[in-house]
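Right, one structure below, let's go through it.
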Amino acid sequence: MFITGASRGIGKAIGLRAARDGANIVIAAKTVEPHPKLNGTIYTAAAEMEAAGGKALACPVDIRMEDQIRQAVTKTVETFGGIDILVNNASAISLTGTLATPLRRFDLMHQVNARGTFACSQACIPHLLKAANPHILNLSPPLGMESRWFAPHAAYTMAKYGMSMCVLGLAEEFRDQGLAVNALWPRTVIATAAVMNLLGGESTMNRARKPEIMADAAYAILTRPSRECTGNFFIDEEVLRAAGVSDFSQYAFRPGAELMNDLFV
């Protein structure tokens with residue numbers, strides 16, 4: 001399992017869930033030194049995943065850099081023999097209006113979200129096509145072409161929808177070859193460092209769910225037969241309800257608090 005941005009947050013939670021099954025996990029992310037505001041590095045994440053029962057390979061990767069992606073994919077195949085799953089989790093965000101979005105921030109979001117997802121998929125697909133049950137899972141929203149999702153932060157929405165358009169295109173392109181390509185998005189805000197530092201802080205965190213809900217939903221998707229599950233835009237809660245979960249209280253960051261819907265749902 002090759003996961004981008006897996007040093008913290010949702011990406012790390014997905015890796016930890018797979019590690020409990022003894023999975024081989026690649027943490028492909030930028031953070032190699034401790035960050036003053038963000039907990040975790042690729043190495044601490046790898047240690048946690050190995051402690052959970054998996055095998056981990058920490059790869060320093062900036063997904064804007066094609067050579068770094070290619071090197072990480074090569075090292076993955078040399079270490080584990082192939083790639084069965086790609087999780088495109090890494091993302092950049094700025095919920096700013098047009099006049100408040102510097103072009104360097106616009107470029108960053110498009111380079112990481114849309115281009116990075118495409119580049120990682122392109123590099124992994126030749127290996128995924130050799131797997132018995134290959135999956136690509138993009139953490140991106142359903143494509144709702146409504147002005148309310150664009151007007152407040154057009155640059156971010158365009159970049160994030162770029163990830164979802166990869167799902168739409170790749171799922172159909174590789175359907176006959178048995179490669180599943182799906183999207184997963186949370187119904188509610190998820191308690192991550194981005195929420196704490198950029199999107200409202202403690203007041204938003206208190207109305208969020210833990211990253212584990214996304215990890216459990218991802219696990220449910222990625223263990224399905226790839227030829228029977230592709231081209232979908234899944235919502236975490238709906239996936240888990242279909243899997244028989246009815247009590248979601250375990251996922252609340254603050255038990256009993258009123259939850260806040262995420263964007264695009």
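Protection proxy ranking for 160-171, 227-238, 9-20, using the average of other Cβ atoms within 10 Å per residue and placing the highest first: 9-20, 160-171, 227-238. For residue 138, the residues whose amide H sits under 5 Å from its own are 88, 182, 183, 184, ignoring neighbours fewer than 5 places away on the same chain, with H placed 1.01 Å from N. Of 24, 140, 182, which is farthest towards the positive pole of the chain's charge dipole, taken about the Cα centre with +1 and -1 on the beta-carbons of Lys, Arg and Asp, Glu respectively? Among 24, 140, 182, the one farthest towards the positive end of the dipole of the chain is 140. Rg ratio for the chain: its Cα radius of gyration over 2.2 N^0.38 Å, N being its residue count, equals 0.94. For the chain, the solvent-accessible area works out to 46 Å² per residue, with a probe of 1.4 Å and every protein chain left in place. Checking the cross-link pairs 37/75; 12/75; 30/130 against a 24 Å limit on the alpha carbon distance flags 37/75; 30/130 as lying beyond it. Note on residue 202 and residue 150: the extension gain reaches 16.1 nm, defined as 0.36 nm multiplied by sequence separation minus the Cα-Cα distance. Here the chain is treated with +1 on each Lys and Arg Cβ and -1 on each Asp and Glu Cβ, and its dipole about the Cα centre works out to around 340 debye. Summing charges over neighbours of residue 265, with a neighbour being any other residue whose Cβ is under 15 Å away from its Cβ, gives +1 when K and R count +1 and D and E count -1.
Spacing of the modelled spin labels on residue 260 and residue 168, each 7 Å from Cα toward Cβ, amounts to 2.9 nm. Extent of region 72-115 along its three principal axes (Cα atoms, max minus min coordinate, largest first): 48, 15, 11 Å.
Solvent-accessible area of the chain (1.4 angstrom probe, protein heavy atoms only): carbon and sulfur portion equals 53 percent. Each Lys and Arg contributes +1 and each Asp and Glu -1, all at the Cβ; summed about the Cα centre of region 1-155, the dipole is approximately 240 debye. A simple packing score, the average count of other Cβ atoms within 10 Å per residue, orders the peptides 1-8, 247-254, 215-222 as 1-8, 215-222, 247-254, with the highest score first.
3J(HN,Hα) along region 159-165, derived from phi through the Karplus expression 6.51 cos²θ - 1.76 cosθ + 1.60 where θ = phi - 60°, amounts to 5, 6, 5, x, 5, 5, 5 Hz, with x in place of Gly and Pro.
The values are calculated or read from the model by the stated rules, or taken from the named source; none is laboratory data. Just so it is clear, the model here is predicted, and its values are computed rather than measured. Cβ atoms come from the backbone with ideal geometry, glycine included; neighbour counts cover every protein chain shown. All accessible areas refer to the heavy atoms of the entire protein, side chains included, with ligands and DNA or RNA removed. Shrake-Rupley method; radii C 1.70, N 1.55, O 1.52, S 1.80 Å.
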